[in-house]
Amino acid sequence: MNSQVNILQGIMEKQFIPYIQPVVDAETERLIGGEVLMRW
């Protein structure tokens, strides 16, 4: 199998786990966004 097929299969089988990381302004300590890392 090639990588694209493996990724599509992983998506269909709900094998990807999202990890959400907040992005905080260091001066104001306010939340200004977020980043998502997908683990397989």
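Tabulated results
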quantity: Kirkwood Rh and Cα Rg combined as Rg/Rh, the chain; calculated: 1.27
quantity: Amide H contacts of V24 (H built 1.01 Å from N, under 5 Å, at least 5 apart or other chain); calculated: I32
quantity: Magnitude of the charge dipole, the chain, Cβ model with Lys/Arg +1 and Asp/Glu -1, debye to 20; calculated: 280 debye
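Bear in mind that the values in this text are calculations on the coordinates, not laboratory data. Just so you know, these numbers come straight off a predicted model, no measurement behind them. Using ideal geometry, Cβ is built from the backbone for each residue, glycine included, and neighbour counts are taken over all protein chains shown.
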